[in-house]
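Scroll down for the structure; my scribbles are underneath it.
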Amino acid sequence: MDNNLKLRQDNRIDKKWAHPDALGGINWAVPGLLDTFFEMADRDPAENVKDRRDQRSFILEGALANESEKRKAAGEWRFVNAPGCPDEPETEAEICLRIPKNVEGDEKLPCIIEIPGGGMYIAGSYEYYIGMLASLSKHHKAVVVSMNYRTCVEAPYPAAVNDCHAAYQYVLDHAQELNIDTGKIVVHGFSTGAQLALCLGFRLKRYGIKPRGIVSSLPIVDDVNASQSGTFSFRNEETGTIDAWDAEGIRLTMQKWLGEHYGDPTLPPEALPSRATVEDCVGFPPTWFPIIGEMDGSRDATLDFCRTLHAANVFVDYHVWGGCNHNTTDPSTPLGNLMSSGDDYNIGQALKFDFSRPWTKQ
Amino acid sequence: MAGERRIENERIKDRNDVKWAHPGIAEHYYIDGRKTVNRLTNLEKTPEKRLESRNKMYRDIEAGRSALFEDSPELNEHGETTTYTVTGCPEEPETEVKVDVRVPKVRKRKKLPCIFYIAGGAFVLGTPWLGPIEEYSMNYNCVVVAPWYRTSVDARYPAAINDFHAAYKWMMENADMLGINPDKVIITGMSAGASLALSFAFRLKRYGYKPRGIVALDPAVTDDRSNYLSHMYNCDAWDGDQIHRTMMQYFGPENYASGSIGPEGMANHATVEDCRGLCPIIIHTSESDADRDSLLAFISKLYEAGVFAEIHTWAGCCHATLYNAPKDNELRQRYQQLVDGNFKDFFQYDMRRAWLNVDEKTTEMEGK
């Protein structure tokens with residue numbers, strides 16, 4: 001790098017910035033968090049596809065082998081290749097369904113579309129979240145549907161959004177057979193999953209489909225993040241590695257995902273929610289942001305997006321937590337428990353009440 | 001001041017209709033405050049008339065409070081309230097201030113944490129009787145110090161801030177007598193009380209005090225509201241129009257919405273520089289609250305200044321919906337869970353970011 005180039009990063013890796021409860025669990029900083037990304041970004045995408053496939057089947061095998069009897073009795077797994085979405089019909093998406101057993105009553109079941117997180121380069125598939133999918137299904141007595149999406153190291157935008165769309169479309173097409181109430185589909189995701197949940201919201205809007213609600217935890221909504229929170233850095237000055245998901249991580253992965261369109265103001269909100277106009281947001285589903293971290297690179301862009309949703313009269317609820325970065329806190333601490341219970345609480349709210357505001361439609 | 005207010009076509013956006021409410025809290029969407037505000041800020045009436053009208057309300061509030069204790073004797077028994085009269089602050093030494101102090105009767109520790117409570121009431125009511133000081137003392141096992149203050153009906157800015165300053169200074173100087181740990185003081189308030197708490201933070205900073213934190217519930221932070229969408233909402237609970245009237249009285253028409261008034265008047269008049277070194281601040285607001293957008297502007301300044309800050313915006317609620325809803329309401333319970341967590345965090349952890357303290361020369365360092 002040019003020695004005359006002085007970047008103004010605001011390094012927040014020192015633990016003094018953290019809420020003490022934010023230091024447990026998944027750590028405030030994980031050494032070399034982005035190293036895998038750098039490795040994968042330089043390789044042939046086909047190699048990454050293969051590697052991820054191998055890793056995914058290994059993870060799934062382990063997760064299913066260790067299932068308790070109780071969990072086995074609570075629901076059934078189905079793994080399906082869903083037809084591609086209308087925008088890319090020839091590419092199938094691998095999806096996973098968790099169907100609860102022994103639900104009382106004759107009522108149709110609600111459905112939760114769970115979009116996995118993983119910074120758009122790791123995880124990014126249901127295998128990594130088997131336990132979470134099972135507990136979501138049990139807690140909300142809902143069919144939970146998750147998917148594998150093509151990450152930025154496998155295929156550029158809009159591949160990932162198409163894969164999420166394919167999963168949603170599968171639910172709509174098989175609602176009768178799965179006994180799902182299509183009026184009660186809630187989309188949820190963490191991190192990149194939270195970003196894709198919002199992108200999917202805009203995609204579905206284009207197709208005249210409105211989910212019951214979107215619960216978006218720690219979302220990424222913009223690529224550049226030209227704001228104060230975009231200057232936060234979690235680079236370890238001793239090792240030179242990026243040790244927590246920060247604005248630099250967002251910029252690098254979004255550059256990979258968007259290619260030459262990185263930073264392009266004319267991108268649609270299906271790629272980046274920050275590109276949405278008020279007009280785009282009119283009629284957007286009720287949206288919750290139960291967790292936004294004070295030290296998250298996306299903080300300001302998310303608050304700006306909330307303003308746009310407000311201007312469109314959308315039901316929107318958001319919580320910025322002081323002393324927290326993008327790494328979620330340990331649910332065994334009081335703060336971590338309060339924060340992470342927000343996701344379940346908001347999904348429950350979305351299923352219980354109708355928050356749509358039909359009079360705001362144009 | 002006479003003359004009709006002009007409202008142009010569709011300028012005012014409806015948020016009064018209960019259709020905007022969270023369905024789970026719709027029947028408690030708001031309490032109408034407009035008539036009270038209009039009556040007590042009517043500048044066409046003489047100041048004496050307004051004061052008389054306000055004092056009658058104080059008497060009604062006091063009468064209402066005895067009923068609270070009849071309903072919950074446990075709350076009454078838990079602590080004792082003493083009223084002190086204390087000397088004025090350095091900026092207005094001749095004006096004495098009345099301070100209510102609630103102390104738990106049974107205490108295991110010699111020194112308790114403390115809540116400095118600023119009562120709300122649309123900048124027209126300023127009696128601690130309006131607040132849950134007994135509940136705070138019982139629920140968080142702490143001392144509660146609650147000043148009576150001059151509202152816009154009694155005197156203009158900075159009278160209220162001077163009154164808090166007097167009470168706070170007295171509290172810090174008499175911490176031992178009151179059984180307070182002076183390092184564990186949280187300031188809180190609701191509505192106008194929250195607005196004043198945020199403004200008071202800047203006064204405290206100027207004098208070198210640094211409380212543990214501020215929990216501001218539904219504050220208003222600006223009088224100049226022309227550019228904020230949320231100030232165009234019409235809502236009987238509290239809206240741009242009511243802010244306009246109360247601020248006109250609080251600052252006087254010649255100072256209203258003036259850039260020359262600093263953050264000790266209205267918190268969002270602060271620059272980022274003003275915010276440097278402030279104590280931790282947690283804000284709860286609502287989707288249809290008049291100050292939603294100005295709070296987003298204010299919180300950005302706190303972040304730029306590196307202050308520990310949180311904002312929670314509750315959808316489907318307007319001003320004070322959650323605060324006033326019955327305690328068995330599900331959404332209210334979730335809100336209460338978060339607010340309780342905020343208090344406990346501030347008492348347990350020190351998040352004041354001492355390394356950000358700057359500009360010590362200009363402060364008079366009364367608090368050091």
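Read-outs: derived from the displayed coordinates by stated rules, not from any lab. The structure presented is a predicted model; accordingly, all values stated were derived computationally and were not measured. Reconstructed Cβ throughout: ideal geometry from the backbone, glycine too, with neighbour counts over all protein chains shown.
Sites listed here are chymotrypsin sites (Phe, Trp or Tyr not before Pro) in region B:193-286 whose DSSP assignment is loop and whose Cβ has at most 15 other Cβ atoms within 10 Å: B:Tyr256. When +1 charges are put on Lys and Arg Cβ atoms and -1 charges on Asp and Glu Cβ atoms, the dipole computed for chain A relative to its Cα centre reaches about 960 debye. Among B:His28, A:His139, B:His165, A:His310, the ranking by other beta carbons within 10 Å of each residue's beta carbon, starting with the fewest, stands as A:His139, B:His28, A:His310, B:His165.
Tell me which of B:Thr222, B:Pro253, B:Met190 sits at the most positive position along the dipole axis of chain B, charges placed on C-beta atoms (Lys, Arg +1; Asp, Glu -1). The Cα lying farthest towards the positive end belongs to B:Met190.
When you filter the GluC sites (Glu not before Pro) in region B:79-169 for DSSP loop state and at most 10 other Cβ atoms inside 10 Å of their Cβ, you are left with B:Glu94. Averaged over the residues of peptide A:318-326, the number of Cβ atoms from other protein chains lying within 10 Å of each residue's Cβ is 6.
Evaluating 6.51 cos²θ - 1.76 cosθ + 1.60 at θ = phi - 60° for every residue in region B:117-131, the Karplus couplings come out as 9, 10, 5, x, x, 6, 6, 10, 10, x, 9, x, 4, 6, x Hz, glycine and proline recorded as x. Between B:Lys35 and A:Glu260, the distance separating the two model label sites (each 7 Å from Cα on the Cα→Cβ line) works out to 6.8 nm. Taking a ≥ b ≥ c as the square roots of the eigenvalues of the Cα gyration tensor, region B:117-212 is oblate, since a/c reaches 1.5 or more and a/b is not larger than b/c. Under 5 Å from the amide H of B:Ile311 lie the amide H atoms of A:Val320, B:Ile283, each residue being 5 or more positions distant or on a separate chain, with H modelled from the backbone and absent for Pro and chain starts.
Distance check, please: which entries in B:Lys108/B:Lys210; B:Lys13/B:Lys98; A:Lys352/B:Lys105; B:Lys301/B:Lys344; A:Lys205/B:Lys35 exceed 32 angstrom between their Cα atoms?
B:Lys13/B:Lys98; A:Lys352/B:Lys105; A:Lys205/B:Lys35
The distance from the alpha carbon centre of region B:217-276 to that of region A:117-131 is 46 Å, rounded to a whole number. Listed values for region A:6-18 are Karplus-derived 3J(HN,Hα) couplings in whole Hz (6.51 cos²θ - 1.76 cosθ + 1.60, θ = phi - 60°), namely 10, 8, 9, 8, 9, 6, 10, 6, 4, 5, 4, 7, 7, and x replaces Gly and Pro.
Look at A:Trp17, B:Trp355 and count the other Cβ atoms within 10 Å of each Cβ; fewest to most, that gives B:Trp355, A:Trp17.
Just to confirm the number: angle between the C-alpha axis of helix A:130-140 and the first principal axis of chain A, 0 to 90 degrees, nearest 10? Orientation of helix A:130-140: about 50 degrees from the principal axis.
Inter-chain neighbour count for A:349-356: the average number of beta-carbon atoms from partner chains within 10 Å of each residue's beta-carbon is 3. Would you mind classifying chain A by shape? Square roots of the alpha carbon gyration tensor eigenvalues, ordered a ≥ b ≥ c; an a/c under 1.5 is rounded, otherwise it is prolate if a/b is larger than b/c and oblate if not. Taking the square roots of the gyration eigenvalues as a ≥ b ≥ c, chain A is rounded.
Near B:Gly120, the amide H atoms lying under 5 Å from its own belong to B:Met190, B:Gly193; only residues 5 or more places off or on other chains count, and H is placed 1.01 Å from N.
Under the rule a/c < 1.5 gives rounded, and otherwise a/b versus b/c splits prolate from oblate, where does region B:1-133 land using the Cα gyration tensor? Please list the in-between numbers first.
On the way: a/c = 2.28, a/b = 1.41, b/c = 1.61.
Oblate, since a/c reaches 1.5 and b/c is not below a/b.
Note on chain B: antiparallel DSSP beta bridges, both residues inside, total approximately 30 percent of the bridges counted. Here is the list for region B:4-68: GluC sites (Glu not before Pro) lying in DSSP coil, each with at most 13 other C-beta atoms within 10 angstrom of its C-beta, are B:Glu4, B:Glu8, B:Glu10, B:Glu44.
Relative to the dominant Cα principal axis of chain A, helix A:45-65 is inclined by about 60°. Summarising the label geometry, the points placed 7 Å from Cα in the beta-carbon direction at A:Glu69 and A:Asn337 lie 3.0 nm from one another.
With contacts taken as Cα pairs under 8 Å at a separation of at least 6 residues, chain B carries a relative contact order of 19 percent.
Rounded to whole numbers, the Karplus 3J(HN,Hα) couplings from phi for region A:315-332 are 5, 9, 10, 8, 9, 9, 9, x, x, 10, 10, 6, 5, 5, 8, 6, x, 7 Hz, using 6.51 cos²θ - 1.76 cosθ + 1.60 with θ = phi - 60°, and x at Gly and Pro. Which angle between 0 and 90 degrees, to the nearest 10, do you get for helix A:192-206 versus the longest principal axis of chain A when only C-alpha atoms count? Approximately 60 degrees, to the nearest 10.
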